[in-house]
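The values are calculated or read from the model by the stated rules, or taken from the named source; none is laboratory data. These numbers come from a predicted model, not from an experiment. So basically every Cβ, Gly included, is an ideal-geometry build from the backbone, and we count neighbours across all protein chains shown.
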Amino acid sequence: MIQISQGAAALVGALLALLVIGATWVLYRGLRARADAADRDAELVRRQALAGGSPAQAMIVRSDGRIELPRRLADWLGLDTLPRELDALAGGEGGLVPEDAEALGTHVAAAQRAGKPFSVSVRAKGSERALLVIGERAAEELNAPGGVVLWFLDATESQDEINRLQRESGRLRAAFDALTALIEAAPMPMWYRGADLRLLMVNSAYVTAVEGKDNEDVVARGIELVEGAGLGGPLANAAIARDTSEPQTAAMPATIGGKRRMLRLHDVPLPTGGVAGFAVDIEELEQARGGLKRFAEAQRAMLDRVSAGVAQFAADRSLVFYNQPFLRMFAMRSEWLTDRPEFDRVLERMREAKRLPETRDFPAWKTERREWFVAPDAVEEVWTFGATHLRVVAQPLPEGGLLLLFEDQTQ
């Protein structure tokens with residue numbers, strides 16, 4: 001039997017304890033390292049999954065032209081195998097179209113030399129897919145000194161939208177140019193005011209009317225077509241149109257070519273807050289209207305002096321004129337006629353006064369007389385009631401009215 005001293009036994013026990021502690025620490029560190037490695041592997045798998053499903057795919061171009069790219073990007077470019085060189089992106093049936101590949105190579109070379117970032121649009125052969133490439137110098141962590149990172153983004157929808165907007169913009173530009181040419185060629189003065197009612201655009205007819213130098217000169221000087229200021233000035237209707245969002249019209253005098261002319265100004269509010277306007281020369285119309293009014297007054301003065309009864313109806317079939325013989329013939333009261341009764345009511349009042357021929361069907365008889373308003377020629381007939389014989393002449397008027405003449409032929 002081996003015998004050891006008590007001191008030696010204590011020393012052996014201490015050594016065994018140290019060995020157990022050391023083994024335990026080594027085991028703990030090993031388990032910890034394995035757990036960290038598992039976490040790193042999981043993080044790597046997660047990042048690879050995110051990169052694989054990302055809308056952007058990365059390609060690394062090294063300084064010697066070698067490239068590294070994922071399988072998904074190769075599929076985007078229509079490549080069956082992963083290329084190793086930048087020049088191979090345009091080789092074979094797949095890859096980039098030659099023009100885009102050459103442009104991409106030029107941008108990459110410039111980025112390698114100067115480190116300047118860039119973006120360029122490219123397309124793959126035989127594909128409608130549009131790719132946006134964003135390039136920048138590779139970070140030091142990528143271990144690619146002098147290299148460039150290219151990010152490829154599928155911009156097909158965005159590019160299609162850009163193309164659509166470009167076509168729409170072209171169409172609107174063509175429509176705007178045509179509208180501008182039409183406004184410029186218009187024979188009437190036309191203008192556009194901003195929200196502050198200052199002139200921003202005028203056409204050639206406006207420049208000629210105000211005897212300006214050119215469009216820019218008239219706008220810069222703010223020359224108005226109509227003189228005056230304040231509530232009765234040219235800005236009054238424009239302000240009302242802007243504030244109420246409703247078109248406004250007003251007749252105002254203006255001096256054009258040294259002559260006083262009457263213009264009808266139209267101010268139309270626009271969604272932009274500005275006001276568009278145009279002016280129509282109504283001088284001849286006003287003169288013709290004045291002459292027609294004077295003629296009508298002279299005609300009525302003459303008809304008021306004849307012995308025959310006269311009644312005139314407007315286009316809406318309301319009574320607008322009568323003379324004294326008409327009052328006497330049909331026993332009418334001037335107070336009632338002043339209210340401009342309609343044609344049917346006048347006939348009914350004549351019937352009540354027994355001043356119409358006897359008829360079995362008065363509504364039908366009255367309907368036939370209403371046709372006088374649209375008759376192609378004058379209508380003449382004789383009315384007999386009691387001992388009175390009237391010659392009636394119904395003359396349709398050009399504006400849609402009717403003139404009735406009643407001549408007493410009893411004698």
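Of all residues in region 88-97, how many are on the phi < 0 side of the Ramachandran plot, within 49 Å of the chain's Cα centre (by Cα) and either surrounded by 12 or more Cβ atoms within 10 Å (Cβ to Cβ) or modelled with pLDDT of 90 or more (or both)?
Total satisfying the criteria: 6.
In region 67-85, what count of residues is obtained for those that are exposed (fewer than 15 other Cβ atoms within 10 Å of the Cβ) and under 17 Å from E102 (Cα atoms)?
Going through region 67-85 one residue at a time, the tally reaches 2.
When you look at A124, is it in contact with a Gly (Cβ under 7 Å, 6 or more places away or on another chain) and either at negative phi or among the basic types (K, R) (or both), yes or no?
yes
Across region 75-98, what is the number of residues that are farther than 21 Å from A109 by Cα, in a loop (DSSP other than H, G, I, E, B) and among the charged types (D, E, K, R)?
2
For region 116-132, give me the residue count where each residue is within 13 Å of L150 (Cα to Cα) and either at pLDDT below 90 or part of a loop (DSSP other than H, G, I, E, B) (or both).
The total comes to 8.
Give region 137-155 a look and list any residue that's farther than 19 Å from D100 by Cβ and surrounded by 15 or more Cβ atoms within 10 Å (Cβ to Cβ), or say none.
R137, A138, A144, G147, listed by residue number.
Is it the case, given these coordinates, that A315 is outside the structural domain of M252 (by TED's automatic domain parsing), touching a Gly at 6+ places or on another chain (Cβ under 6 Å), at pLDDT 70 or above and not in a helix (DSSP H, G or I)?
Yes; evaluated as a whole, the condition is true for this residue.
Per-residue answers, yes or no, for (1) touching a residue at least 24 places away in the same chain (Cβ under 8 Å); (2) of a type in the set (V, I, T):
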site: E141; (1), (2): no, no
site: I162; (1), (2): no, yes
site: A186; (1), (2): yes, no
site: W191; (1), (2): yes, no
site: A205; (1), (2): no, no
site: D217; (1), (2): no, no
site: E246; (1), (2): no, no
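Right, T255: within 22 Å of A185 (Cα to Cα) and of a type in the set (S, T, N, Q) or not?
yes
For region 153-193, how many residues meet the condition of being modelled with pLDDT under 90 and in a strand (DSSP E or B)?
Within region 153-193, residues that are modelled with pLDDT under 90 and in a strand (DSSP E or B) number 2.
Taking the stated definitions as given, is L405 out of contact with any Asp or Glu (no Cβ under 8 Å at 6 or more places or on another chain), surrounded by 12 or more Cβ atoms within 10 Å (Cβ to Cβ), hydrophobic (A, V, I, L, M, F, W, C) and not in a loop (DSSP other than H, G, I, E, B)?
yes
Within the bounds of region 373-394, is there any residue that is hydroxyl-bearing (S, T, Y), assigned by TED's automatic domain parsing to the domain that holds S307 and in contact (Cβ under 8 Å) with a residue 12 or more places away in the chain?
yes
Look at region 238-277 and say how many of its residues are within 12 Å of R193 (Cα to Cα) and either crowded, with 19+ Cβ neighbours inside 10 Å or in contact with a helix residue (DSSP H, G or I) (Cβ under 6 Å, 6 or more places away or on another chain) (or both).
Going through region 238-277 one residue at a time, the tally reaches 9.
When region 222-238 is examined, which residues are found to be at pLDDT below 80 and either within 26 Å of the chain's Cα centre (by Cα) or not in a helix (DSSP H, G or I) (or both)?
Listed by number, the residues that qualify are E227, G228, A229, G233, P234.
Which one of A241, A250 is in the same structural domain as R193 (by TED's automatic domain parsing), within 26 Å of the chain's Cα centre (by Cα) and modelled with pLDDT of 85 or more?
Answer to the check: A241.
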